[in-house]
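Below is one structure, written out as structure tokens; comments come after it.
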Amino acid sequence: MIIINKSKHIICIATSISLSLLFFFVLFPGKHALAAQNFVMLRSDMVEKQLKARNIKSEAVLAAMRTVPRHLFVPENLHSLAYNDSPLPIGLKQTISQPYIVAFMTEQLEPVPGMKILEIGTGSGYQAAILAHLGCEGYTIELLEELSLRAKKVLAELHFNNVRVRCGNGYLGWPEEAPFDAIIVTAAPDEIPEKLIEQIKEGGKIILPVGPANSVQSLKLITKKNKRIHEKNLLPVRFVPMMKY
Ligand code: SAH
């Protein structure tokens, strides 16, 4: 009798401790939980104020931008700035593009699940993650090994398994996987790289900035129709240069 009472007592104490802990964590969530909630709010704000307000309309693109944790693609000391309306440094003199530019370029490609898309200039891996979130079959090339390895790691940790990352020269494209439905170039060459035009499907698109380094470039949309190239200037932009080697 005494033993039963004692064990009941212990169960009672254990239950009240668990309940108190539960209330404690509900009322005072940990640093990480708070940070995660905060990033969700910052992403939602970014979508409303930077993207919808500037006429990004694709629901799929807006959802991708609302979901992919952009802060995990920038250095830790810049996490709090990841959802600002600006590009950010990612090391080795390279940058992750401003959220609006990522959304705009993605929307122009009219991505649908299963579309085969090549990206030149992996950088942080964020643009590739947006395409992967949209269900595209992504291929991304980065010239700098350190960035390529870092992006590969983040993409794997976030389970974006539908992107292949290669370290190499983007001017050559990815001939073994060509042709692509679309190509997105996130560094600026002086001229449209010939090999990339060859690697696009009939009816496919390339979006890329073209122009001199450290100056205003033109964001162009190239479409290949009846073996002919149509070129449209979309926006003045400023990207890091597409390096020759
Ligand atoms: N899309 C990236 C940002 C790209 S910044 C993101 O979402 O973070 C441009 C990147 O292009 C840089 O990382 C730079 O190293 C890379 N780059 C420059 N010239 C290149 C080339 N010839 N081939 C492949 N990558 C190149």
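The values are calculated or read from the model by the stated rules, or taken from the named source; none is laboratory data. Small disclaimer: the values here were computed from a predicted structure and weren't measured. FYI the Cβ positions are ideal-geometry reconstructions off the backbone, even for glycines, and counts take in every protein chain you see.
Starting from residues that are closer than 27 Å to GLU48 by Cβ and surrounded by fewer than 24 Cβ atoms within 10 Å (Cβ to Cβ), keep the ones in the stretch 131-143 and report whichever is farthest from the ligand (Cβ to nearest atom).
Ranking the qualifying residues of the stretch 131-143, first place goes to GLY135.
Residue by residue, here is whether (1) at pLDDT 75 or above; (2) farther than 16 Å from ILE101 by Cα; (3) among the polar types (S, T, N, Q) holds:
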site	(1), (2), (3)
SER7	no, yes, yes
ALA14	no, yes, no
PHE28	no, yes, no
PHE39	yes, yes, no
LYS49	yes, no, no
LYS52	yes, no, no
ILE56	yes, no, no
ARG66	yes, no, no
ASN77	yes, yes, yes
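Is it true that MET115 is closer than 21 Å to MET243 by Cβ and touching a residue at least 12 places away in the same chain (Cβ under 8 Å)? Full working, then the answer.
Working: closer than 21 Å to MET243 by Cβ: no; touching a residue at least 12 places away in the same chain (Cβ under 8 Å): yes.
Taking the combined requirement at face value, the residue does not satisfy it.
Going by the structure shown, is VAL68 of a type in the set (Val, Ile, Thr) and surrounded by fewer than 19 Cβ atoms within 10 Å (Cβ to Cβ)?
On the way: of a type in the set (Val, Ile, Thr): yes; surrounded by fewer than 19 Cβ atoms within 10 Å (Cβ to Cβ): no.
Against the criterion (of a type in the set (Val, Ile, Thr) and surrounded by fewer than 19 Cβ atoms within 10 Å (Cβ to Cβ)), VAL68 does not qualify.
Only one of LEU88, LEU118, LEU81, LEU109 is away from the ligand (no atom under 13 Å from the Cβ), of a type in the set (A, V, I, L, M), under 25 Å from PRO189 (Cα atoms) and modelled with pLDDT of 95 or more. Can you tell me which? Before the answer, list the steps.
Values: LEU88 fails: away from the ligand (no atom under 13 Å from the Cβ); LEU118 fails: away from the ligand (no atom under 13 Å from the Cβ); LEU81 fails: under 25 Å from PRO189 (Cα atoms).
It is LEU109.
Within the stretch 44-69, take every residue that is in a helix (DSSP H, G or I) and β-branched (Val, Ile, Thr) and give me the one that is farthest from the chain's Cα centre (by Cα). Lay out the reasoning, then the answer.
Of the stretch 44-69, the ones in a helix (DSSP H, G or I) are 44-54, 59-67.
Right, trim to β-branched (Val, Ile, Thr) and you get 47, 61, 67.
Details: VAL47: 14, VAL61: 11, THR67: 10 Å.
If we take residues in the stretch 44-69 being in a helix (DSSP H, G or I) and β-branched (Val, Ile, Thr), then VAL47 is farthest from the chain's Cα centre (by Cα).
Is it true that some residue in the stretch 179-196 is of a type in the set (Lys, Arg), more than 22 Å from the chain's Cα centre (by Cα), at pLDDT 95 or above and away from the ligand (no atom under 13 Å from the Cβ)? Even if it seems obvious, please write down each step before you answer.
Of all residues in the stretch 179-196, those of a type in the set (Lys, Arg) come to 195.
Now restrict to residues that are more than 22 Å from the chain's Cα centre (by Cα): 195.
Cutting the leftovers down to at pLDDT 95 or above gives us 195.
Subsequent filtering for residues that are away from the ligand (no atom under 13 Å from the Cβ) retains none.
No, that holds for no residue.
If you check GLU146 against the conditions, is it acidic (Asp, Glu), within 25 Å of LEU51 (Cβ to Cβ) and near the ligand (Cβ under 10 Å from one of its atoms)? Walk me through it before giving the result.
Numbers: acidic (Asp, Glu): yes; within 25 Å of LEU51 (Cβ to Cβ): no; near the ligand (Cβ under 10 Å from one of its atoms): yes.
No: the conditions fail for GLU146.
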